[in-house]
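Data block below; observations after.
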Amino acid sequence: MTQPYTRDELEHIVCQTAQMIAPAPPDSVKLSDRLVGDLGFHSLAMVELAYALEDVFSLEEIGSGIVTSIERIGDIVPLVSVALENGRAKMPSSHALAELAEDYGFVWKAKVS
């Protein structure tokens, strides 16, 4: 059974994870932000983002072909959404998000409605 979640929650977690890993993070990120052009991602940072997403959502391994096809933060959302719907991922607890953020020295921002 899939854990219930909203699209807004998923998008927020993806954006925060990308911001946490980004080499040149702005104060906030948007789904339309380009990983390379706007957030300063390079190949190593892209791999780190893939590992962080795997950790956050308990995803199976994200292949290098998928990683290199991601251009914008918004490209990540459907990948995770499909995995959630197929039972190959799960939404993280707030405790898990806080632990991951602490590992990166990042302050996880609550979703503002």
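Applying the selection to region 65-94, what residues are within 16 Å of Glu9 (Cα to Cα) and hydrophobic (A, V, I, L, M, F, W, C)? So that I can check it myself, show each step before the final result.
Here is the first cut: in region 65-94, the residues within 16 Å of Glu9 (Cα to Cα) are 73-85, 89-94.
Selection gives Ile73, Ile76, Val77, Leu79, Val80, Val82, Ala83, Leu84, Ala89, Met91.
What is the number of the single condition among (1) assigned to a helix (DSSP H, G or I); (2) out of contact with any Phe, Trp or Tyr (no Cβ under 6 Å at 6 or more places or on another chain); (3) closer than 14 Å to Leu10 by Cα; (4) not small (Gly, Ala, Ser) that Leu97 does not meet?
(2)
Would you tally the residues in region 1-54 being part of a helix (DSSP H, G or I), out of contact with any helix residue (DSSP H, G or I) (no Cβ under 7 Å at 6 or more places or on another chain) and either surrounded by 13 or more Cβ atoms within 10 Å (Cβ to Cβ) or not aliphatic (A, V, I, L, M) (or both)?
The first filter runs over region 1-54 and keeps only residues part of a helix (DSSP H, G or I), leaving 7-21, 43-54.
Subsequent filtering for residues that are out of contact with any helix residue (DSSP H, G or I) (no Cβ under 7 Å at 6 or more places or on another chain) retains 7-9, 12, 16, 19, 43-44, 51, 54.
Applying the additional criterion that residues be either surrounded by 13 or more Cβ atoms within 10 Å (Cβ to Cβ) or not aliphatic (A, V, I, L, M) (or both) yields 7-9, 12, 16, 19, 43, 51, 54.
Matching residues across region 1-54 total 9.
Working only within region 75-94, note down all residues that are touching a residue at least 24 places away in the same chain (Cβ under 8 Å), in a helix (DSSP H, G or I) and crowded, with 16+ Cβ neighbours inside 10 Å. Give the derivation first.
So in region 75-94, the residues touching a residue at least 24 places away in the same chain (Cβ under 8 Å) come out as 76-77, 80-81, 83-85, 87-92.
Next, from what is left, pick out any that are in a helix (DSSP H, G or I): 76-77, 80-81, 83-85.
Listed by number, the residues that qualify are Ile76, Val77, Val80, Ser81, Ala83, Leu84.
Every read-out reported here was derived from the displayed coordinates using simple, explicitly stated rules and does not represent laboratory data. Just so you know, these numbers come straight off a predicted model, no measurement behind them. Methodologically, a virtual Cβ is constructed for each residue, glycine included, from the backbone with ideal geometry; neighbour enumeration extends over all protein chains shown.
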